[in-house]
C-alpha cells in the first residue's frame, strides 16, 4: 500500500439514516403526544435540529444518537444499524 501524499483527500459521506431509527423516534413522539420541543429536550438536542432531522434535511449527529442511547434504551439496537450506513470514500485530488 502506498503512503498517503498531501494530495490525498478523504471524504466521509453519511447516508441519510434508515427510516427505522427515525420512524421509531417519530412513533414515540406521536404515542407520547410530545411537541417537537419536548422530543428535542428528551433527545438532548435543539428543537431546530430535531425538526431538521425528523424532516430528513439533516443527519442525526452524535448528540442525538447519545440521546437515543441514554433516553430510549429500547432503541439502542438501531444505533449500530444507522452507523453501518456511514460510507467512507477516498479520492486523489
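Cβ-Cβ under 6 Å, sequence separation 6+ or interchain: first residue in the stretch 55-81 and within 17 Å of residue 28 (Cβ to Cβ), partner surrounded by fewer than 12 Cβ atoms within 10 Å (Cβ to Cβ). Which pairs?
Correct list of pairs: empty, since none qualify.
Name the residue, out of 18, 5, 10, that is touching a strand residue (DSSP E or B) at 6+ places or on another chain (Cβ under 6 Å), surrounded by fewer than 14 Cβ atoms within 10 Å (Cβ to Cβ) and modelled with pLDDT under 90.
10
Please work out which residue is modelled with the lowest pLDDT, limiting yourself to the stretch 49-68 and to residues that are part of a loop (DSSP other than H, G, I, E, B), exposed (fewer than 15 other Cβ atoms within 10 Å of the Cβ) and in contact with a helix residue (DSSP H, G or I) (Cβ under 9 Å, 6 or more places away or on another chain).
By that ranking, first place goes to 56.
The values are calculated or read from the model by the stated rules, or taken from the named source; none is laboratory data. The model shown is predicted, which means the values in this text are computed figures rather than measured ones. Please note: Cβ atoms are built from the backbone with ideal geometry, for glycine as well, and neighbour counts cover all protein chains shown.
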